[in-house]
Structures are given as structure tokens and as C-alpha cells.
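Input: a single structure, listed below in C-alpha cells.
The values are calculated or read from the model by the stated rules, or taken from the named source; none is laboratory data. Small disclaimer: the values here were computed from a predicted structure and weren't measured. As a convention, Cβ positions derive from the backbone with ideal geometry for all residues, glycine included, and neighbour counts pool all protein chains shown.
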There are 2 protein chains.
Amino acid sequence: MLSDIEISRQCELQPIENIATKLGLMKDEFDSFGETKAKVKLSSQRRLKNHADGKLVIVTAVTPTPYGEGKTVTTIGLTQGLDALGKKTCCCIRQPSMGPIFGVKGGAAGGGYAQVAPMEVLNLHLTGDIHAISSAHNLAAAALDARLHHESRLGAQAFTNQSGLEPLNINTDRIFWRRVVDHNDRSLRQIEVGLGQPNGPEHASGFDITASSELMAILALSRSVEDMRVRVGRVVLAESRDGELITAEKLGVAGAMAAIMLDAMAPTLMQTLSGAPCLIHAGPFANIAHGNSSIIADDIALKLADVVVTEAGFGSDMGFEKFCNIKVHQSGKSPDAAVLVTTLKALKSHASDQDNSDVTEPKQTRLEAGFANLEWHINNVSQYGVPVVVTINRFEHDCPKELAWLLQKVRASKAFGCEISDAFSQGAEGAKALADTVLAACEQPQHFKFLYDHGLPLREKLLTLAEVGLGAAGIELSAMATQQLEKLQAEGFGHLSICLAKTPMSISHDPTLKGVPNPFVIAVEKFTLNAGAGFITAHAGKVMTMPGLGLKPAYLNIDIDNQGNIVGLA
Amino acid sequence: MLSDIEISRQCELQPIENIATKLGLMKDEFDSFGETKAKVKLSSQRRLKNHADGKLVIVTAVTPTPYGEGKTVTTIGLTQGLDALGKKTCCCIRQPSMGPIFGVKGGAAGGGYAQVAPMEVLNLHLTGDIHAISSAHNLAAAALDARLHHESRLGAQAFTNQSGLEPLNINTDRIFWRRVVDHNDRSLRQIEVGLGQPNGPEHASGFDITASSELMAILALSRSVEDMRVRVGRVVLAESRDGELITAEKLGVAGAMAAIMLDAMAPTLMQTLSGAPCLIHAGPFANIAHGNSSIIADDIALKLADVVVTEAGFGSDMGFEKFCNIKVHQSGKSPDAAVLVTTLKALKSHASDQDNSDVTEPKQTRLEAGFANLEWHINNVSQYGVPVVVTINRFEHDCPKELAWLLQKVRASKAFGCEISDAFSQGAEGAKALADTVLAACEQPQHFKFLYDHGLPLREKLLTLAEVGLGAAGIELSAMATQQLEKLQAEGFGHLSICLAKTPMSISHDPTLKGVPNPFVIAVEKFTLNAGAGFITAHAGKVMTMPGLGLKPAYLNIDIDNQGNIVGLA
């Protein structure tokens, strides 16, 4: 089979205007950025306001393994399959971060015959949204440090006399707002800023990767430009020495941040290899944030398409849970069906025994042992009242006997259906059976329910999330976390969702616990407030918000060839 | 008179396709990015290769004052004037940096009736070129620190065994490559990175504003994508412990950096308020770099237009000198005429006496005393063999008698001509007289010459630049500078141009010396190598490469109104 980039280059794409027209956008409702991408204007959202919604399908997966389950391939492949069945379809996916593209081999455009194209356009700058988030985020950091500088150099009274502004009295030990860059840059994780006499005061700081910015979550969760503007104002940057929260609004920087983010509010339209429309928008993490594309993109797509397919990060304990309890809670639009992606390899690697044999080799007992992880995720999705279609993403050397066993096993479970997907090797054709079953699932009666009542106190919500959402035996809060939770509740943030940041590599908080872990306790070290995005992140274990470049980073292979094409992207 | 933004909003712009067609681009030679901007493809450059060049006009100025001389207004106004005379005209200007836009009130789109529009499009992200430069620059920094990290944690032998790469043995005291961000962020000027056990080694670092990146100068000076790729490879990032230069090529990151910069190689097309075409490309500083727009933009514009107008940063001792001795040296295209911008206010503020009266009030003696500065710049431009047209940028309350005196005085000087410009208040109409005189100047016989022979040793070039270029009594090198110069000469960089980084606020190195300073000596503290851009920067005094936000920064006024428009940009 050809490589991803070869397949992508071979394919003749349609002018993006045709894709926009096919999706149902009017000529003045999108701005083409060259031939392969367009910004969809928010005027379309206003025109379509009273149209009926299409069906919303969320793609999730079993607990991730290092082998790659192919969730994005399935999302794009399913979109192609639905399109091939004559359904008006659109997928809504996140924008890939550039950091990992230069660090780890692998873009985020799907693969094989299920790709968004051109992959180098998707994987690099696209229409600049991530750059805009970096810029808005770092303006707030610069503004905060500048205010600190002037107040400290002049003293409160002289500062007010000269500037006409109230002093903020920023506590350098309580600056929550770090800086961001869209690269894997380990050496910026922990830095000291403001060194050198006229540049201070000195204080500890650091950079995270842009995708982890609260502004990225805000971009994804805002329902309109006005909503975004209000949310940006609510972002908490620091605390004063008197313990008062310093928001972006209070610092006077929220308007400028929103101005920088304005263009980024418009989703980007691209196409799959088969010419199905794809909206790309926002790219929040699925641990410290909700890990799904934007409410605005979904909203536009749902008004225009019969079926909208979107992807939630990591396994169903992570992205799917957050999709439901954070995004659906804010958007009001619940999913009509879920697709749960698995592979033979993934299940074998989740076998609870200590079998270390090659996961690509047939081994029925191991597969059977690993099935528990899939079953857990089927049950997990089902408890939200969403019909689950399991899809087995087929790999070249998969054993037909094992595939047949798994199909039958899933079909006997709570799942609405199970299909094998050959989207990778066959594109749309390989996803038609899946598409058919998904359409049938979407016709099921709706029984969506949240995991918890948002009116409950924060501690109760967290406990429900741990016990009912993950099957934990309970929660354990550090002294700091206990104090923080009480403070957040008292400060009026009790109505927010809980976003549990834990390892994605296990249903539990411990990445070494494969399959379905025995009773475990979720230990929360600290909470962080995302007042603009509308959730409180509970940190159960270290979440890496700034990756590092490895020993042989992917950038070594990336270059421009003598035709001026980019080469070396996976 | 209306404000800049009101004038800009009132004006009905043409679809950018019309502007592209008017300029002579074929339909497949540009990519529209919405209705108001387009990327001009480099395929146009290849098609036009054998076309004859139009005339090239460079706009420069007297020594800058805090009052603003209106060089960009003149550049855009002159373009409008030439266009109104029926000449096929295009201006080529630099992309404004976002940092100062949020710091100091004032965009960089011109003003009054001489603007590039829409100003909020020009002043914010445009087509993402500056973001691309930031990203490529910071990838190199991340890559360098990651290499340092892995070599240091494993040791040279194990590093090579595990990675298959030769160790670079980076000297943390000799890392030249800092990081960049397009904001005014004082607290990032001097930082310590790599703190915390697994993130090291620790070392000193810092951020500059993106416009000051060598990659920005490379973007401006490259003649093609291939040329850019080679130059990026030559960039020197650090030294090894054995004193060897570590380039981006040696680190293996040059290809990826070039890939990130690829789209940015295409200039952006916009229009003036009167519908004249304007190419916006690159934005290098005019102290540590050459301060002019790109060779590629000029090249495309010169093939398509009869007259191309471009702007050099600061006074003629700075941007114009560098335009000639760096850019023209690399492009091979010398200017046909120069426009030297002055104002009554500027000259009065350059009066050598200690007169502190209001510069807006008529005061003939003060004007006469300040004339020396203008005369110096006329002579300076003339020594390059370029005909000079002086333009007096008229302000509302300018005294007609003083204007008349100045006109007559300049017309009796070495200048080819002198005109008053009313481009600010009248647009094209107010710049027609200037346009006429500029066209006549362009018909003069060509006698362009460089200030120095590039084959001379670096020290000789610097001496000529100081003595002949600035009228200095000589140069003085610090011990470090002397050593560096010998090393650079020995390492084979002797053929590069000299880029003198000094204050723009005086012809000398001392910002307090107004008018035409008495004999002064240029003291050079250090040199920095820009092996990719092709020049060596001689630092005469501190150049601020990272501005800070002031007491009442411009961001306080910037916001989105309830129609979704950006407000508060000056």
C-alpha cells in the first residue's frame, strides 16, 4: 500500500468552493484561503439558526495503547462512508498542534484512504487559529508582568497618580497564567522571568503547549463571538496580595485578547480524500480540558448536514465523558450515537495476564482476556443513554477467526451493533457497513443523561465522576486540594463542571493498570480553575502540558524538496 | 477630519481579485484569503522572470523625532498619487508587528486618506507570516535545547549509540539563538530556562520580538524558496565546547524551519484606500537588520508595475543606508529615485540651539537652524548617486510662510526637487505634485554606487560606513569587538555587509545629539553574525530588541464591539 502522503498527493481534490456549496453554504458565507481551505463565516450560523439539527455522532475508543487504534481514521472514514451512502455529512475535528508534528512522527490528518487533505495544510499553520491563541494568551502574560513591573517600580500611589488605574497588587507567588508556544520545548517548562534589574520583578513561570491554554477550551466552548468575549474576561490570571482574583477583564486586557481571537472564531473547511466536507476548529487537550472540537463548528455542521461526525480524545473514560459532562452541558446538543473504536491489538494489549507476546499474532485467550476493556467502555457509553456502535478497525494481518469471534461477542453485548472498518485500506467503501449501522443507531429513541447533576457541590460531582464514571472505590483529596475545593465553592464556582485530568492510558489514574483495573482510589493533588471555559480541572497525577522533543525527533526528516513541496510529514 | 479608522471604514474597497488583475497577475497566480487580502504565488515570479523592471522609488526621511514624520503616509500617498496619474504602481511595505500595536497607540497602515485598508487586517495576523517566523525560530531553540538535554543526560557515547547522531557538544555559555514572541514583553528579556531536574541543563536565555529574528531578515532577503532554504541552514545557533559553529543545518532542523516558513515566502496583496495595489512582506528592524520589505515582493512588483514605491526604516543614515549596502547588494536592483520625508516640526526639533518652545508654532530662526539635518540627509542620499525628491509632509497648522521658505531652500540644494504632500488630508489628489516630480527624478541617468566595496575587510567597511556614511571622526572597538571581528574575518565571513545598529534618533550613536552632531566617534561594543541573512551587525550602543508595555498600554482601548468589529486600533 502507498504511504499516507503518496495517497494524499495522488488524490485530485475539489476546489474548496465546491465543498462549501455541497455542504450548503452560500457564496458570501465563506472566505476561501486558496484552493484547499476556507474560513466559514459566522453569518452562516445566524442564517441557519432556525434550521433543524442533523444527527450528531461521537467517535470514541477503548483505552489507548501505543499501537494506535485509528480513531481519527474511523472518524474520517465514517464521514466518507456516510457521504458515499448519499447522506449529507460533515465531520468536525480538532486542529492538530504543530508541536508533536515536529516531535513525534505522525500528523493528525487520518491515514491511508481516510484522510483530510492536503495533510501538510492541515498539519501546519492551517488558517492561523492556534497562532492566534498563542498570541492572545501571551498578551495577557505580558500585560500582567508589565502591570507588576510598573506597580512595583512606582509604588501603588505613584502608579495610580501616573496611570489613572487602580493598583492590582499582584502576588508573584499566585500567578496562575503561564505562557504558551506551539512546540515541544522541555526547557521552557520551568523558567525564571524578569531577570536583570530593569525587567523585574523576578518570578517563577513557564510555558505550556498552546493546545493546553484555557483560551483553546474557550474557543471550543463559546457559542458566539459575544460569548467568547465574556468568557475571556472571566479568565483568572493571578491573585492579589489580598487574595482577590485578578481576571483578564480586571487587567483590562480581555478586549484585546478577544480581538486577537476574532478570526479564529470561524471554523476552517477542508475535505476528505473522497470530497466529504470537514470542519476543523480548536484543539483542546482531553485531560486538562474537554478534548473536542468546537460548539460553533458542530452547530454550523448540524444545521447543514444530515449527520455530523466528531471525535473525542483518548478513551471513553476521558474525551467522551468530558464531551458529555462539559461540552453537551454547555451546547445543549447531545449525541445521537457513539462509535467506539477498537482493534485486536488494543484488546490483546489490555489482557490482564502478564502475556508479553507480540500483539499482532493470533492468540484467542489473550483477546478474550482483553475484551473486558472494550466491554467496560461499551457499558460506560451506554450509561449516558447513547447507543454504541463498536467498530473494529482492521489491520493488515488481523486473524479472521479472531475478528469473527470479536464481532459475535460484541453483538451479544449491550452495544447496538458492531462492524469491521476497512476505511484505512479502502476509504469510503470500507466504511459503508459501519455507516449503515450508525444511521440505524441514530434512529434509536433518545435517552441522554449527564453523569451528575450540575447543581451538586463540586465534591459530589467529583465523587460521582470517580465512582460512577470510572468505577473507582472513592476519591482522596490532598490537603491543598481540600482547601482549594472549599475556596472554589465559596467563591461561587460550584456550578462549574469537573474536568478530571488523569492518565489516558488506564481507566484508573495509574497508567500501568491495563484492562479493567481492580478497585482504585482517585487521588486528587490539586484543582485549577478555568472560569472562562467553565470547568474546574481536578489533577489526579501529573499531566504533561509541555511535551519534550525525543532523541530522534521528526523534524530531522522534514524538509522542502526541489519542487518546493514539503516532505517528511508522516 | 475623521479618524483613521472612520476613514478606513467609510471607504468602499474593491474585491482583492480586481486589485490582483489590475496589477497584472493571472488568475492562478494568487490565492485570495477572503475579500481583502491575497497571497501572491511565487509562480508569478517565474513567469515574469524576463520582463523588464519598472522604476524603484525608496522613501526615507530626516532623523526621526517623537512627532512622527509620516513616512508610511507618504509611501502610501505617493503610490495613490502615481496611480491617480495613470501609472501602473505598486507599493511594497513591511508587515506591522503586533507587539507595538498593543503597546503604543498606533498601527502601521498609514493614516488619514493615505492608508492600506482594512487597517485591522494589516495590523493583526494578516496572512500569518510573522507567526510562521516565530514558529520556525522557536523550533530551532527547542531543538537546540532538546539536543543539549539528551547529550547531557546520556553522555556523548551513549547519545550516539542510541540516536545514531554525532554529539554537538553545545557550550551553554555560547548559545546565540534566543527565542521570539510578537509581543512587548519586558519580563522575557532575560530569563533562565531548563529549571527543574528533568528539564535541564539550566542556562541563561531570553526572548526578542519576532521582527528582530534573523529569520525575518532572511525572509526579506531571499530571492527564492531554494535560496531561503540554504540561508536557514547557514544560521548560526551556538558554538560547541571546541569553538565550532553549530548551524541550523548541522542540528538537522533547517529543513523543518524552512517548511514552516514556506507559505510566508508569498507576499500578501492588499490595497490602498484609493484601490492602488500594495504588497506587504516581511518586517525586519532597521537597526540590527536592514529595515526594508522583501526582495521577492519588490521583484514581483517591479515586473508588473511602472513604478514601485517602498519604504526604508528610520532616517537615511539607517534604513536607506542599509537598503543600499545590504539589500541592493543582494538583490542587484538599485533605486531610481529617493523620496526624503520631512516636516516643519521635525526640522524645528532638530535646531541645534536649546530652544524648547512648541515645535508647532511658527519660528523661522528655529526652522533655519534645523534645516541642517535635512541638508545632511539630502547629501547622504546623493552620495549613493540616487536623485532625491524632498517632500514636506504638511500638518494642519503649518505656517505657509515657513513652508514657502523651506520649499525654496530645498530647491536650491542638491535635491532634484521638493514638493509639499497633502496625502494625509487629501489622499491621491494631495500627492499628485509629488508623484510628478518623482517620475521626473526616475528619468535621470543612473549613477548608483555602494558606500563601500564589499571585498574590503570588515574593519575597513565599518570605518567607511562610520566616516563616509555618517560623518564620524572614526570608530572605536571594544576589546571584545576587536577579537570578534578578527575571528569573523578568519572564519570566512569577511565578504558580508556591515549592519550598524545604533540609535535612529541621531545621525550619531548618541540619541541626544540632534541636528547634525559635531564630530563623534562610533564606539562598537560587539558584533553579531547573521550568516543566513548575509550581514554582520555592529552594535554601537544598546538596541532594544524586546520592547516593554508602558504605563497605559494601547491594549486597554482595544475590544470587539457588538457588531463584532474590532475597535480601538489607532
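Observations on the structure shown:
- Residue-level check: of (1) outside any strand (DSSP E or B); (2) crowded, with 17+ Cβ neighbours inside 10 Å; (3) aliphatic (A, V, I, L, M); (4) free of Cβ contacts under 8 Å to residues at least 60 places away in the same chain, residue A:158 misses just (2).
- Cβ pairs under 9 Å, 6+ apart, first in the range B:131-153 and at the interface with chain A (Cβ under 9 Å from one of its Cβ atoms) and within 11 Å of residue B:215 (Cα to Cα), second in a helix (DSSP H, G or I) and modelled with pLDDT under 95: B:135/A:98
- Filter result (among the β-branched types (Val, Ile, Thr) and in a strand (DSSP E or B)) within the range A:374-417: A:388, A:389, A:390, A:391, A:392
- Taken over the range B:487-504, the criterion of being within 18 Å of residue B:323 (Cα to Cα) and either surrounded by fewer than 20 Cβ atoms within 10 Å (Cβ to Cβ) or assigned by TED's automatic domain parsing to the domain that holds residue B:316 (or both) is satisfied by B:495 alone.
- Filter result for the condition that a residue is surrounded by fewer than 24 Cβ atoms within 10 Å (Cβ to Cβ), assigned to a helix (DSSP H, G or I) and aliphatic (A, V, I, L, M), over B:126, B:168, B:148, B:195: B:148
- Within this structure, residue B:399 fails the test of being in the same structural domain as residue B:67 (by TED's automatic domain parsing) and surrounded by 24 or more Cβ atoms within 10 Å (Cβ to Cβ).
- On the stretch given as the range B:450-490, residues that are of a type outside the set (A, V, I, L, M) and touching a residue at least 40 places away in the same chain (Cβ under 8 Å) total 10.
- Candidates B:224, B:213 - the one that is assigned by TED's automatic domain parsing to the domain that holds residue B:133, among the polar types (S, T, N, Q), within 24 Å of the chain's Cα centre (by Cα) and surrounded by fewer than 24 Cβ atoms within 10 Å (Cβ to Cβ): B:224
- Number of positions in the range A:201-255 that are closer than 17 Å to residue A:284 by Cβ, in a loop (DSSP other than H, G, I, E, B) and either β-branched (Val, Ile, Thr) or within 11 Å of chain B (Cβ to nearest Cβ) (or both): 1
- Verdict on residue A:55 being surrounded by fewer than 21 Cβ atoms within 10 Å (Cβ to Cβ) and assigned by TED's automatic domain parsing to the domain that holds residue A:382: no
- Complete set of residues in the range A:534-567 that are of a type in the set (Gly, Ala, Ser), in contact with an Asp or Glu (Cβ under 8 Å, 6 or more places away or on another chain) and surrounded by 18 or more Cβ atoms within 10 Å (Cβ to Cβ): A:540, A:548
- For the range B:297-349, a residue qualifies if it is farther than 22 Å from residue B:433 by Cβ and among the basic types (Lys, Arg), and the qualifying residues are B:303, B:322, B:327, B:333, B:348.
- Residues being touching an Asp or Glu at 6+ places or on another chain (Cβ under 8 Å), closer than 23 Å to residue B:456 by Cα and β-branched (Val, Ile, Thr) - total across the range B:488-533: 3
- Residue in the range B:356-363 that is without any contact (Cβ under 8 Å) to a residue 12 or more places away in the chain, small (Gly, Ala, Ser), out of contact with any Lys or Arg (no Cβ under 8 Å at 6 or more places or on another chain) and farther than 22 Å from residue B:111 by Cβ present: no
- Of the set (1) surrounded by fewer than 16 Cβ atoms within 10 Å (Cβ to Cβ); (2) part of a loop (DSSP other than H, G, I, E, B); (3) free of Cβ contacts under 8 Å to residues at least 60 places away in the same chain, all apply to residue B:447 but (3).
- From the options A:347, A:302, residue that is assigned to a helix (DSSP H, G or I), touching a Gly at 6+ places or on another chain (Cβ under 7 Å) and surrounded by fewer than 24 Cβ atoms within 10 Å (Cβ to Cβ): A:302
- Whenever a residue of the range A:556-568 is more than 7 Å from chain B (Cβ to nearest Cβ), its partners that are surrounded by fewer than 14 Cβ atoms within 10 Å (Cβ to Cβ), lying with C-beta atoms within less than 7 angstrom and at least six residues away or across chains, give the pairs A:567/A:561.
- Selection of the range A:135-157 for residues being polar (S, T, N, Q) and either within 13 Å of residue A:259 (Cα to Cα) or touching a Cys at 6+ places or on another chain (Cβ under 8 Å) (or both) yields only A:135.
- Matching option when the condition is modelled with pLDDT of 95 or more, in the same structural domain as residue A:194 (by TED's automatic domain parsing), farther than 30 Å from residue A:9 by Cα and in contact with a Gly (Cβ under 8 Å, 6 or more places away or on another chain), among A:144, A:165, A:154, A:139: A:165
- Hits in the range A:32-66 - residues which are within 14 Å of chain B (Cβ to nearest Cβ), without any contact (Cβ under 8 Å) to a residue 24 or more places away in the chain and not in a loop (DSSP other than H, G, I, E, B): A:32, A:43, A:46
- Being more than 23 Å from the chain's Cα centre (by Cα) and either under 24 Å from residue A:451 (Cβ atoms) or part of a strand (DSSP E or B) (or both) is a property that does not hold for residue A:500.
Here's the yes/no breakdown for (1) more than 30 Å from residue A:512 (Cβ to Cβ); (2) outside the structural domain of residue A:294 (by TED's automatic domain parsing); (3) surrounded by 19 or more Cβ atoms within 10 Å (Cβ to Cβ); (4) of a type in the set (S, T, N, Q):
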site: A:39; (1), (2), (3), (4): yes, no, yes, no
site: A:61; (1), (2), (3), (4): no, no, yes, no
site: A:68; (1), (2), (3), (4): no, no, no, no
site: A:75; (1), (2), (3), (4): no, no, yes, yes
site: A:81; (1), (2), (3), (4): yes, no, yes, no
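- Residues of the range A:154-184 satisfying the condition of being of a type in the set (A, V, I, L, M, F, W, C), over 30 Å from residue A:554 (Cα atoms) and within 11 Å of another protein chain (Cβ to nearest Cβ): A:154, A:158, A:159, A:165, A:175
- Scan of the range B:256-299 for residues that are among the hydroxyl-bearing types (Ser, Thr, Tyr), crowded, with 24+ Cβ neighbours inside 10 Å and part of a loop (DSSP other than H, G, I, E, B), ordered by number: B:293, B:294
- Matching residues, the range B:545-570, being part of a loop (DSSP other than H, G, I, E, B), in contact with a strand residue (DSSP E or B) (Cβ under 9 Å, 6 or more places away or on another chain) and at negative phi: B:545, B:546, B:547, B:558, B:561, B:570
- Checking the stated criteria, residue A:514 turns out not to satisfy the condition of being part of a loop (DSSP other than H, G, I, E, B), within 14 Å of another protein chain (Cβ to nearest Cβ) and basic (Lys, Arg).
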